[in-house]
Every structure is written in structure tokens, then in C-alpha cells.
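Structure first, commentary second.
The values are calculated or read from the model by the stated rules, or taken from the named source; none is laboratory data. The structure presented is a predicted model; accordingly, all values stated were derived computationally and were not measured. Cβ atoms come from the backbone with ideal geometry, glycine included; neighbour counts cover every protein chain shown. Note: accessible area is taken over every heavy atom of the protein model, side chains too, but ligands, DNA and RNA are not part of it. Shrake-Rupley method; radii C 1.70, N 1.55, O 1.52, S 1.80 Å.
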Amino acid sequence: ILWTLVSIFLLYTIAGFFIVPMIIKSEAVDYSKEEFKRDAEIESVSLNPFTFSLSVERFKLYEKEKSDVFISFKKFFIDIRLLPLISKEIYFQEITLTEPDGNIIRFNEEEFNFSDMMKSETEQTSDSVKTIEEDEPWEIFIQKFELQRLRLLVSDRAVNPPGETRIDSFSVTVTNLRFNSSDTS
């Protein structure tokens, strides 16, 4: 029995620290290629199967023609607690997004550089028909959300001369966010 328990523990540890991060990295890159028809890169993914924290480092999602980076970030960290799932609560101890960088371009009145990534109204209606309504929505609690050093460039090519708005460094920390709670009704 002891060897069986040790074997299960070692298998869980190896899968959590090594195998699951490789799968997440591969699937995320494949998903962006399939769903958005855009290339993506991820330098590393790490998961701690004991604390249930996930870290994604150096993510890049390219423009459709891969000439420029559409969005990127240095690090995304999420720390979730599993015990509240029993009572239909999703509890995030911490969510941190470090150095996100975005490039938004408006080409005309209805077209942006991310328009191809948005679902049409007919697709959204068919997706909503598939969802099953629940009696009570899950409560979501975020103890700490931190956005560190956001950089954003918004270009408007629909006007003459073209305009630009730039955010060079924006940071915000929000604590104790609660969604779908009876406290927020």
C-alpha cells in the first residue's frame, strides 16, 4: 500500500509540474491557430499541482499576417483555491497580468484588426441555444487582481490624417471583487 501511495504521489507530481504545462502550452498555441487563424508563442508555462497556481510567461499573439504583435504580455499568474468549488464558488487568491502590450487598429467604421476574431451574431445565438441554464449562477471571488504596466497603442486609420492614442504605463490593483453573489444583487 505504501509503494502504491508513493507511486501515485510521484505520478501526480510529475504530471502536474511537467506534463500538464507542456499540454497547456501546446493546446493554447494550437487553439489560437485554429480558432483565430493567428500564430501565437509562449515561452513557458508552469503549474504547481499542490498550490494550484498557474503561470504563463512571454505570450505573443500575432496579427493575422504575422507582421506585428497584436497582444502580448510578460507574465500571467493565477492562483485558485479548489475547496470553494464544493459550494459553487470560484475563488481566485490572486490574478496578475504583468506588462500587457496591445495594438488596436481601426481601419474603417466597422473593421478593426481584431474583427476577424469576433463571433458573428448568428454564431453567438447558436452557441447560446446550446448552453444549459442553471438555477443559481456560480459566485466568483477575486481576492486580488493586479494589472502591471499596461501599454496600449490605439490607431485610427479611418480618419484623415490617421490618429493615435498611446498609454505607456498603466497599473491598477483591485481587491475583493465578487460577482454573481447575493451580496451584489
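Points to keep in mind about this one:
- Exposure rank, largest accessible area first [Ile71, Ile90, Ile105; 1.4 Å]: Ile71, Ile90, Ile105
- Pairs exceeding a 28 Å alpha-carbon distance, out of Lys37/Lys74; Lys64/Lys144; Lys74/Lys144; Lys64/Lys88; Lys66/Lys144; Lys37/Lys88: Lys64/Lys144; Lys64/Lys88; Lys66/Lys144; Lys37/Lys88.
- Taking the charge dipole of the chain about its Cα centre, with +1 at Lys and Arg Cβ atoms and -1 at Asp and Glu Cβ atoms, the residue from Phe114, Val6, Asn176 reaching farthest to the positive side is Val6.
- Length gained on full extension, Ser7 to Ile80: 23.7 nm, using 0.36 nm per residue less the C-alpha separation.
- With the simple spin-label model, which puts each label point 7 Å out from Cα in the Cβ direction, the Ile23 to Glu94 separation comes to 2.6 nm.
- Solvent-accessible area of Asp101 with every protein chain in place, 1.4 Å probe, in Å² to the nearest 10: 50 Å²
- In this calculation the C-beta distance from Glu41 to Ala158 is compared with R0 = 22 Å, giving a FRET efficiency of 0.15.
- Helix-only [θ]222 nm of the chain, DSSP H runs n ≥ 4, -39500 (n - 2.57) each, per residue, nearest 500: -7000 deg cm²/dmol
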